[in-house]
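Working notes, beginning with the structure itself.
The values are calculated or read from the model by the stated rules, or taken from the named source; none is laboratory data. Treat the numbers as computed from the prediction; the structure is a model and nothing was measured. Please note: Cβ atoms are built from the backbone with ideal geometry, for glycine as well, and neighbour counts cover all protein chains shown. Surface areas here come from the heavy atoms of the whole protein model, side chains and all, with no ligands, DNA or RNA. Shrake-Rupley method; radii C 1.70, N 1.55, O 1.52, S 1.80 Å.
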Amino acid sequence: MTDIQIRTEGQAGRITLTRPKALNALTWDMCLATEQALDAWRNDDSVKLVIMDAEGDRAFCAGGDIAEMYRTGTAGDFDYGRAFWRDEYRMNAKLAEYPKPIVSFLHGFVMGGGVGIGGHCSHRIVGESTQISMPECGIGFVPDVGGSFVLAQAPGRLGEYLGITAARMGPGDAIHAGFADRFHPEADWPALKQALIDSGDLAALGDAPTPPDSALAAQQAEIDRLFDGEALKDVLNTLRNSDSELAQKGLKTMSRNAPLSMAVTLEMIHRLRGPGLDIRKALELEYRVSHRIMQQGDFLEGIRAAIIDKDKSPKWRHDLDSVPLIDVSKMLMPLGADTLDFKEKTMNIGFIGLGNMGAPMAANLAKAGHAVKGFDVAGTTAEGVTPVATAEEAATGADVVITMLPNGQILRSVAAQILPAMSKGAVLLDCSTVDVASARAVADEAEAAGMMALDAPVSGGIGGAAGGTLTFMVGGPDEAFAKALPLFDIMGQKAVHCGPAGNGQAAKICNNMILGVTMIATCEAFALADKLGLDRQAMFDVVSTSSGYSWSMNAYCPAPGVGPKSPADNGYQPGFAADLMLKDLRLSQQAASEADADTPLGQAAMELYRSFVEDEDGMGRDFSAMLPRFEKRGRG
């Protein structure tokens, strides 16, 4: 995405807003990308902290991109804005509650949505150019994105003052009011960021220089006296009876703002102030207003006057002195079934390939609440999945298209079919096990078409697919991995991002080459133990706790009745079929040939499984059925 850059550098996750010409105004996609990155890094031990900053000289983020809300709202579609706010507020909560340090560098304008994305971080750094404000009352809205949470905690009556006048805070003011934590000269920021990247340790920030003086701190007593009224009318009366410069300036600003918005803002701050305040309580209260603001408030008129017609002459619903308390109460009434619940956004998913693995994976996604359309050439379906007639139909309108296919040739063919039908920015998530060259070729085609691709072969077999305990080995861009991570969490127990396109397949075939070789060695050892008169249980007891330990022995023992239950205890009915192991070993040797790698044991394992599957009785049996094969054979 060109509006936001997400990557890892050293020991830090990095999120950079990259819309400087639009003052880095926050879009819906930017919110979702930020949330996905946070989810991806939460349990990534290589990411010690997160750094958040923005390009350009003028603004960290000057607010939300509200033009689309106006377009949809004036057309009668209020659900667009509601959905945007739900996702944005969930992201705001995650920032505030994140278990790892997040360091935000807040330069230039930091307004509205900019406070939401940068102002809830654990370590908020401001510089000489910083100008922070909550200007929502000027466009018929209220301080949101968790802004009410910060305002309610500000000293004295600063919250009321800042919320209804949209006064701008310089660096000293921001620290005094609780919108920032540290001041560092902006010339020092590049070095600070690099130190955080290199160390992953907040100690790299060192001691913060003394911040500039705060005008708000100097005016605190007067602000507390002027803005301590219970309702909007009380504040107005106090300001009108004062001839101070601060009072008259505040009154002039408030005369331009939406009266209902200011009245609701005061009530919100008063309700939130006190024990038990947390970010979710504030966001839930804000969402009551967001849900209603286009129909019952002045938001659409405020946008019209400010950025559509730009006449700066909004026609508010109420006069400054006549905002009925009942209208304020209606804005803040509980929403019942529409209450903000902070649940994850569901996705539209296309799933192509509903075989033994694909069907349960698709069913698990549907069970989790995602809308899944499925296609399989054999006509198979999966529980909760809507069947469609073509692969193109499954891909149309999908946020993510998942494929589970037999080989690279078929993957290339399917990709050629579905990429023209996919939406720009969608992710093609291939969970097949294919050759590295095919994975990388499809990724290149997807990128050229404006999509992203991940190769994410799985480990765990049919049982893991059904139980949602698969392991995914993933290659592809960070942004695509972050978008798919919630799906990996449903379908599996672990997803490892292995690097760029093709690296997921590389990890899978290297892993399975080890597995094939070690299973052969384990089966050979049991057959040898039999002929030496060593009891199989004794063999297991020794090897499973000493240097011969392996997954093939301890978790998937090929000897019936020994160790944990495995396919050997079920007549070698396949958990992982020998013919699939042969496929993976052939892929490993194809890759080894292309990379000029010497893999003699991998080559030998491939030849043994080829003979077992194609010349003997291995077809349709578990890959651990090599043991009875070796039992019957002598050295010659």
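Need pairs with beta-carbon distance below 6 Å; first residue farther than 17 Å from residue 413 by Cβ and within the stretch 446-458, second open to solvent by 30 Å² or more (accessible area, probe 1.4 Å) and not in a strand (DSSP E or B); sequence gap 6+ or separate chains.
Every condition considered, the pairs that remain are 450/424; 452/477.
Among residues belonging to the stretch 165-183 that are within 14 Å of residue 104 (Cβ to Cβ) and in a strand (DSSP E or B), point out the one that is least open to solvent (accessible area, probe 1.4 Å).
Keep residues of the stretch 165-183 that are within 14 Å of residue 104 (Cβ to Cβ), which gives 171, 174-175, 179-183.
Then keep just the ones that are in a strand (DSSP E or B); that gives 182-183.
Details: 182: 47, 183: 18 Å².
Filtering the stretch 165-183 for residues that are within 14 Å of residue 104 (Cβ to Cβ) and in a strand (DSSP E or B), the one least open to solvent (accessible area, probe 1.4 Å) comes out as 183.
Go through the stretch 468-495 and report how many residues are open to solvent by 10 Å² or more (accessible area, probe 1.4 Å) and within 15 Å of the chain's Cα centre (by Cα).
Residues flagged as open to solvent by 10 Å² or more (accessible area, probe 1.4 Å) and within 15 Å of the chain's Cα centre (by Cα) within the stretch 468-495 amount to 10.
Filter the stretch 280-308 down to residues that are outside any loop (DSSP other than H, G, I, E, B), within 22 Å of residue 340 (Cβ to Cβ) and charged (D, E, K, R) and give me whichever is least open to solvent (accessible area, probe 1.4 Å).
Applying the filter and picking the extreme gives 286.
Can you say whether residue 159 is under 23 Å from residue 121 (Cβ atoms), open to solvent by less than 30 Å² (accessible area, probe 1.4 Å) and either part of a loop (DSSP other than H, G, I, E, B) or touching a Pro at 6+ places or on another chain (Cβ under 8 Å) (or both), as far as the supplied structure shows? It would help to see each step written out before you state the result.
On the way: under 23 Å from residue 121 (Cβ atoms): yes; open to solvent by less than 30 Å² (accessible area, probe 1.4 Å): yes; either part of a loop (DSSP other than H, G, I, E, B) or touching a Pro at 6+ places or on another chain (Cβ under 8 Å) (or both): no.
No, not satisfied.
Hey, among 605, 597, which residue is within 42 Å of the chain's Cα centre (by Cα), modelled with pLDDT of 95 or more and surrounded by fewer than 13 Cβ atoms within 10 Å (Cβ to Cβ)?
Numbers: 605 fails: surrounded by fewer than 13 Cβ atoms within 10 Å (Cβ to Cβ).
Criteria check complete, one pass: 597.
Being hydroxyl-bearing (Ser, Thr, Tyr) and within 32 Å of the chain's Cα centre (by Cα) is the filter; apply it to the stretch 314-348 and report the residue that is nearest to residue 78 (Cα to Cα). Lay out the reasoning, then the answer.
Just the residues of the stretch 314-348 that are hydroxyl-bearing (Ser, Thr, Tyr), to begin with: 322, 329, 339, 346.
Next, from what is left, pick out any that are within 32 Å of the chain's Cα centre (by Cα): 339, 346.
Numbers: 339: 15, 346: 19 Å.
Step by step, filter the stretch 314-348, then rank; the result is 339.
Select, from 436, 427, the only residue that is buried (at least 22 other Cβ atoms within 10 Å of the Cβ) and over 21 Å from the mean Cα position of the chain (by Cα). Talk me through it step by step, then tell me what you get.
On the way: 427 fails: over 21 Å from the mean Cα position of the chain (by Cα).
Criteria check complete, one pass: 436.
Go through the stretch 513-562 and count every residue that is of a type in the set (Val, Ile, Thr) and not in a helix (DSSP H, G or I). So that I can check it myself, show each step before the final result.
Initial filter on the stretch 513-562 (of a type in the set (Val, Ile, Thr)): 514, 517-518, 520, 522, 542-543, 545, 562.
Those left that are additionally not in a helix (DSSP H, G or I): 545, 562.
So the answer is 2.
Only one of these conditions is not met by residue 311: (1) surrounded by fewer than 19 Cβ atoms within 10 Å (Cβ to Cβ); (2) under 20 Å from the mean Cα position of the chain (by Cα). Which number is it?
Every condition holds for residue 311 apart from (2).
Restricting attention to the stretch 522-534, which residues are free of Cβ contacts under 8 Å to residues at least 24 places away in the same chain and farther than 15 Å from residue 560 by Cβ?
Our first condition is that a residue be free of Cβ contacts under 8 Å to residues at least 24 places away in the same chain; within the stretch 522-534, this holds for 525, 528-529, 531-534.
Result: 525, 528, 531, 532, 533, 534.
Please go through the stretch 41-64 and pick out each residue that is open to solvent by 20 Å² or more (accessible area, probe 1.4 Å) and touching an Asp or Glu at 6+ places or on another chain (Cβ under 9 Å).
Start the filter on the stretch 41-64 by keeping residues that are open to solvent by 20 Å² or more (accessible area, probe 1.4 Å), which leaves 42-46, 48, 55-58, 62, 64.
Those that are open to solvent by 20 Å² or more (accessible area, probe 1.4 Å) and touching an Asp or Glu at 6+ places or on another chain (Cβ under 9 Å): 48, 64.
Looking only at residues in the stretch 101-119 that are part of a loop (DSSP other than H, G, I, E, B) and either out of contact with any Lys or Arg (no Cβ under 9 Å at 6 or more places or on another chain) or open to solvent by less than 10 Å² (accessible area, probe 1.4 Å) (or both), which one is modelled with the lowest pLDDT? It would help to see each step written out before you state the result.
Start the filter on the stretch 101-119 by keeping residues that are part of a loop (DSSP other than H, G, I, E, B), which leaves 101, 107, 112, 119.
Subset that is either out of contact with any Lys or Arg (no Cβ under 9 Å at 6 or more places or on another chain) or open to solvent by less than 10 Å² (accessible area, probe 1.4 Å) (or both): 112, 119.
Numbers: 112: 94, 119: 97.
So the residue we want is 112.
Go through the stretch 121-148 and count every residue that is open to solvent by less than 20 Å² (accessible area, probe 1.4 Å) and either modelled with pLDDT under 95 or of a type outside the set (A, V, I, L, M, F, W, C) (or both).
From the stretch 121-148, those open to solvent by less than 20 Å² (accessible area, probe 1.4 Å) are 121, 125-127, 130, 132-134, 136-137, 140-148; that's our starting set.
So of that shortlist, the ones also either modelled with pLDDT under 95 or of a type outside the set (A, V, I, L, M, F, W, C) (or both) come out as 127, 130, 133, 136, 140, 143-144, 146-148.
Counting residues in the stretch 121-148 that are open to solvent by less than 20 Å² (accessible area, probe 1.4 Å) and either modelled with pLDDT under 95 or of a type outside the set (A, V, I, L, M, F, W, C) (or both) gives 10.
Hand me the list of strands (runs of 3 or more DSSP E) wholly inside the stretch 1-100 holding 1 or more residues that are closer than 15 Å to residue 119 by Cα. Spell out the reasoning first.
On the way: elements: 4-9, 12-17, 49-54, 59-61.
Of the strands (runs of 3 or more DSSP E) lying wholly inside the stretch 1-100, those with at least 1 residues that are closer than 15 Å to residue 119 by Cα span 12-17, 49-54, 59-61.
Just one of 366, 337, 359, 306 is at pLDDT below 95 and within 30 Å of residue 414 (Cα to Cα); which is it? Walk me through how you get there before you give the answer.
Details: 337 fails: within 30 Å of residue 414 (Cα to Cα); 359 fails: at pLDDT below 95; 306 fails: within 30 Å of residue 414 (Cα to Cα).
Going through 366, 337, 359, 306 in turn, just one is at pLDDT below 95 and within 30 Å of residue 414 (Cα to Cα): 366.
Please verify whether the stretch 552-572 includes one or more residues that are of a type in the set (Phe, Trp, Tyr) and under 30 Å from residue 443 (Cβ atoms). Before you say what the answer is, go through the steps one by one.
Taking the stretch 552-572 as the starting set, the residues that turn out to be of a type in the set (Phe, Trp, Tyr) are 556, 572.
Filter again for under 30 Å from residue 443 (Cβ atoms), leaving none.
No; the residues of the stretch 552-572 include none that is of a type in the set (Phe, Trp, Tyr) and under 30 Å from residue 443 (Cβ atoms).
Please go through the stretch 7-37 and give me each residue that is buried (at least 22 other Cβ atoms within 10 Å of the Cβ), under 14 Å from residue 102 (Cα atoms), of a type outside the set (D, E, K, R) and in contact (Cβ under 8 Å) with a residue 40 or more places away in the chain, ordered by number.
Selection gives 12, 34, 37.
Where the second residue is open to solvent by less than 10 Å² (accessible area, probe 1.4 Å) and of a type outside the set (Phe, Trp, Tyr) and the first is closer than 17 Å to residue 265 by Cα and part of a loop (DSSP other than H, G, I, E, B) and lies in the stretch 211-236, which pairs have Cβ atoms under 7 Å and are six or more apart or on separate chains?
227/160; 227/235; 229/235; 231/266
Tell me yes or no: at least one residue of the stretch 380-400 is assigned to a loop (DSSP other than H, G, I, E, B), out of contact with any helix residue (DSSP H, G or I) (no Cβ under 8 Å at 6 or more places or on another chain), free of Cβ contacts under 8 Å to residues at least 24 places away in the same chain and open to solvent by 60 Å² or more (accessible area, probe 1.4 Å).
There is at least one residue in the stretch 380-400 that is assigned to a loop (DSSP other than H, G, I, E, B), out of contact with any helix residue (DSSP H, G or I) (no Cβ under 8 Å at 6 or more places or on another chain), free of Cβ contacts under 8 Å to residues at least 24 places away in the same chain and open to solvent by 60 Å² or more (accessible area, probe 1.4 Å).
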